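Working notes, beginning with the structure itself.
The values are calculated or read from the model by the stated rules, or taken from the named source; none is laboratory data. Because the structure is a prediction, the values reported are computed rather than measured. Reconstructed Cβ throughout: ideal geometry from the backbone, glycine too, with neighbour counts over all protein chains shown. These accessible areas exclude ligands, DNA and RNA; they are computed on the full protein's heavy atoms, side chains included. Shrake-Rupley method; radii C 1.70, N 1.55, O 1.52, S 1.80 Å.
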Amino acid sequence: MCTKTTLAIRATCRYATRRSLCSSANSGTAKSSSTVNEEELRHFRRLSASWWNQSGDLMALHSMNRLRVPLIRNALSAEASSSVEPLTGLKILDVGCGGGVLTEPLARLGASVTGLDVLEENVAVATMHADLDPTLQGRLTYVQSTVEDMAEEMPSCFDAVVASEVVEHVNEQTTFVGACCHLVKPGGSLFMTTLNKTWASYLLGIVAAEKLLRVVPDGTHDWEKFISPATLQEIAAANGCETRLLHGMYYNPLSNRWRWGRDTSISYAMHMVKAAAPPSVDDKSSGDGSS
């Protein structure tokens, strides 16, 4: 089922646009039950041409790859077959992929990567940029959709799902995280980075970063949508995903560098693993020890 759906999506066009989403995203109106936030869509639509300007509005996001790419690679590479491309053989979904800033590096590590974004403009930018690198052909696909629609069509299809700097931009965070968990195979991984809901994150993530230093475009974040590690862990656990790693993240705007730390009061990264599927009845009967 998983493979058939993937092939059907890829056969539709260079990047997939499903009819149910086109009618909402292209008209600027999302379904009432969607996790998509219309105000966030308008904000990121304005930024769609800036995704690959590494010294522009999104330079901090590019710099974050120095942390998040090794985090994902190291967590998954033990199961991979190649040291040159350590993620070979793995299927990864990058939720809220934007212009492909994280999606492309993961594909270069050998994984088969699908970038998912609700905005047609982002998918178009990501597709055009990927076309500049012939080595990405056949291992990178972009899909325009919502995560909840994808979860309905492709449950338990991915070895890893990544949602980096996304959950703080959506409505219905419980639904969003649940959909991400639903997409992960039993035994697979879910990676998230986001901002904690503290006064420190408000002062540094919004007042300093957006208003004073302007290293992030003004209006990028809404503090009310920031989420604590405890809340995120609780939602993930309710959907069968257990936390394996929690790291604090710090950004220095003067050097444009991120680093790891213990303090999660501002930004943090989380690696979760979905519970393995229980053995089938046949498996249990074949291992009953009878002789």
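Miscellaneous remarks
- Hull shadow area, averaged, the stretch 106-195 [alpha-carbon convex hull, nm²]: 6.2 nm²
- The GluC sites (Glu not before Pro) of the stretch 161-209 include none that DSSP puts in a loop with a beta carbon having at most 14 other beta carbons within 10 Å.
- Sorting the segments 150-156, 186-192 by their mean number of nearby beta carbons within 10 angstrom, highest to lowest, gives 186-192, 150-156.
- With a simple spin-label model that places each label point 7 Å from the Cα along the Cα-to-Cβ direction, the separation between Arg66 and Ser156 comes to 4.1 nm.
- At R0 = 41 Å, FRET efficiency that the Cβ-Cβ distance of Leu212 and Ala237 yields, to 0.05: 0.65
- Computed over the stretch 85-243, the percent of Cα pairs more than 20 Å apart is 52.
- Packing-based ranking, highest mean first, of 259-270, 93-104 given that Cβ atoms within 10 Å are counted: 93-104, 259-270
- Once the Kirkwood radius over Cα pairs is known for the stretch 140-186, the Stokes-Einstein relation at 4 °C and 1.567 mPa s delivers a diffusion coefficient of 117 µm²/s.
- Its Cα centre serving as origin, the stretch 98-239 has a Cβ charge dipole (Lys and Arg +1, Asp and Glu -1) of approximately 500 debye.
- The stretch 129-262: antiparallel DSSP beta bridges as a percent of all, rounded to 5: 45 percent
- Note on Tyr250 and Gln137: the extension gain reaches 37.3 nm, defined as 0.36 nm multiplied by sequence separation minus the Cα-Cα distance.
- Given a 1.4 Å probe and the protein chains as shown, His182 ends up with an accessible area of around 90 Å².
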